[in-house]
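This report concerns only the one structure given below.
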Amino acid sequence: MNGYSVAIVGATGAVGTKMIQMLENAAFPIKEVILLASKRSVGKKLLFNGKDIEIQETTNESFDGIDIALFSAGGDISKQFAPEAVKRGAIVIDNTSAYRMDPEVPLVVPEVNAEALKQHKGIIANPNCSTIQMVVALNPIRNKFGLNRVIVSTYQAVSGAGNAALKEMHDQAQQMLNEETYEAHILPAGGDKKHFPIAFNVLPQIDVFDEDGYTKEEWKMTNETKKIMGDDGIKVSATCVRVPVVFGHSESVYIEVEDETASVEQIQNLLNTAPGIILQDDPSQQRYPTALAIQGEKEVFVGRIRKDIDEEVGYHMWIVSDNLLKGAAWNSVQIAEKMHELGLLNVKA
Ligand code: A2P
């Protein structure tokens, strides 16, 4: 059978399992799917298109004969294996932060900068989940009215921190409801000194802090937005917050456009027809997106668009998307689809 050989590294993880699902409906032919994880998972099986596939340990040899390798097993694993996968002929689409700011590596959201794929040298980076949904919504506005400044506060789901963090939230919630003692070992950041409970709580820290008082997650939103939009002049500052939600990141976004003639109605009309966006914006009907309601959807949902009370060129909006789909697994598979469409995959498919 003709088609691509696809490997998923981190196939047992929160994002990896969604990558398997997204591949089932991919718009390119697939010859075989190889599921890779750590030694711990060897022998476990996961379903792809109704067929059991055994998990294998990730080794250099895993990438022999692979055309597309989707990575989501943490930055260290990407650094260890992605160059090896490329050496062995695979195109790597990396969902970790390992290569995102590497000038040699395109950082791609297909609705925004698919053209950048043409510059690839084997590795393509999938942006940070919060950044992806924000740039999908802001790009049409930027193209039409110019964009000077973005101030964003995020409300990020626990699934973004992986399956172990989800289990910890679940356990804490049960223990709190039972009035038992509870512990925190993972959030706000695996690598940091202290940990705090996420159940029934809100944590204003995602990833570790830099010396300037911003977290690495916040810097990702600033730097990745500039790289994806190809414009260092856009001012972007973020406050990234973890909330006890399972799936779906929400964002309160304030923007300042260049064009003083812009209006809420024009922005709504733009977003209503833009690719990958669903507008849900009608306060009279209490119509706006929520994380629970959009779970499992691939699009970016936008509502609550309103003009700033004081600033003539300022607008506020509410942007919600499934962090494991458009924020991760779907954007990665969509990159592969786009590469197939552009003839950038060198195959027998
Ligand atoms: P495993 O399940 O074998 O530990 P999450 O993002 O949900 O935390 O998942 C992380 C993913 O990264 C899992 O699929 C996990 O596999 C995988 N992973 C962790 N360590 C390694 C490793 N050393 N080699 C390959 N995959 C790994």
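Answer yes or no: is there a residue in the range 172-183 that is part of a helix (DSSP H, G or I), open to solvent by less than 30 Å² (accessible area, probe 1.4 Å) and within 16 Å of the ligand (Cβ to nearest atom).
No, the range 172-183 contains no residue that is part of a helix (DSSP H, G or I), open to solvent by less than 30 Å² (accessible area, probe 1.4 Å) and within 16 Å of the ligand (Cβ to nearest atom).
Mind listing just one residue for me: the one in the range 1-12 that is part of a strand (DSSP E or B) and touching a helix residue (DSSP H, G or I) at 6+ places or on another chain (Cβ under 7 Å) and, of those, nearest to the ligand (Cβ to nearest atom)?
That would be Val9.
Against the definition (under 20 Å from Gln334 (Cβ atoms) and in contact with a His (Cβ under 7 Å, 6 or more places away or on another chain)), how does Ser97 come out, yes or no?
no
For the condition away from the ligand (no atom under 16 Å from the Cβ) and among the small types (Gly, Ala, Ser), what is the one hit in Gly191, Gly230?
Gly230
Looking only at the range 143-171, which residues are surrounded by 20 or more Cβ atoms within 10 Å (Cβ to Cβ) and within 30 Å of Thr261 (Cα to Cα)?
Phe145, Leu147, Val150, Val152, Thr154
In the range 19-78, which residues are among the aromatic types (Phe, Trp, Tyr) and under 21 Å from Asn323 (Cβ atoms)?
If the condition is that a residue be among the aromatic types (Phe, Trp, Tyr) and under 21 Å from Asn323 (Cβ atoms), then Phe71 is the only one that fits.
Do you know which residues across the range 18-54 are crowded, with 20+ Cβ neighbours inside 10 Å, of a type outside the set (A, V, I, L, M, F, W, C) and touching a strand residue (DSSP E or B) at 6+ places or on another chain (Cβ under 9 Å)?
Scanning the range 18-54 gives a single hit, Ser41.
Residue under question is Asn113, and the condition is that it be touching a residue at least 24 places away in the same chain (Cβ under 8 Å), over 22 Å from Ala274 (Cα atoms) and among the polar types (S, T, N, Q); does it hold?
So Asn113 fails the test.
Just a yes or no: is a residue in the range 115-133 on the phi > 0 side of the Ramachandran plot, open to solvent by 10 Å² or more (accessible area, probe 1.4 Å) and more than 16 Å from the ligand (Cβ to nearest atom)?
Looking for residues that are on the phi > 0 side of the Ramachandran plot, open to solvent by 10 Å² or more (accessible area, probe 1.4 Å) and more than 16 Å from the ligand (Cβ to nearest atom), one finds none in the range 115-133, hence no.
Report yes if some residue within the range 94-106 is away from the ligand (no atom under 15 Å from the Cβ), at positive phi and touching a residue at least 24 places away in the same chain (Cβ under 8 Å); otherwise report no.
No - not one qualifying residue is present in the range 94-106.
May I ask you to say which residue of Val86, Val15, Val33 is at pLDDT 95 or above, within 14 Å of the ligand (Cβ to nearest atom) and among the β-branched types (Val, Ile, Thr)?
Just one listed residue meets the conditions, Val15.
For the range 235-349, give me every one of the helices (runs of 4 or more DSSP H) that falls completely inside it and has 3 or more residues that are more than 22 Å from the chain's Cα centre (by Cα).
Of the helices (runs of 4 or more DSSP H) lying wholly inside the range 235-349, those with at least 3 residues that are more than 22 Å from the chain's Cα centre (by Cα) span 264-273.
Among the residues of the range 36-78, write down those that are without any contact (Cβ under 8 Å) to a residue 24 or more places away in the chain, charged (D, E, K, R) and more than 12 Å from the ligand (Cβ to nearest atom).
Answer for the range 36-78, where residues must be without any contact (Cβ under 8 Å) to a residue 24 or more places away in the chain, charged (D, E, K, R) and more than 12 Å from the ligand (Cβ to nearest atom): Lys45, Lys51, Asp52, Glu54, Glu61.
The values are calculated or read from the model by the stated rules, or taken from the named source; none is laboratory data. If you're wondering where the values come from, they're calculated on a predicted model, not measured in any experiment. Note: ideal-geometry Cβ built from the backbone for every residue, glycine included; neighbour counts use all protein chains shown. The area values use the complete protein model at the heavy-atom level, side chains included, leaving out ligands, DNA and RNA. Shrake-Rupley method; radii C 1.70, N 1.55, O 1.52, S 1.80 Å.
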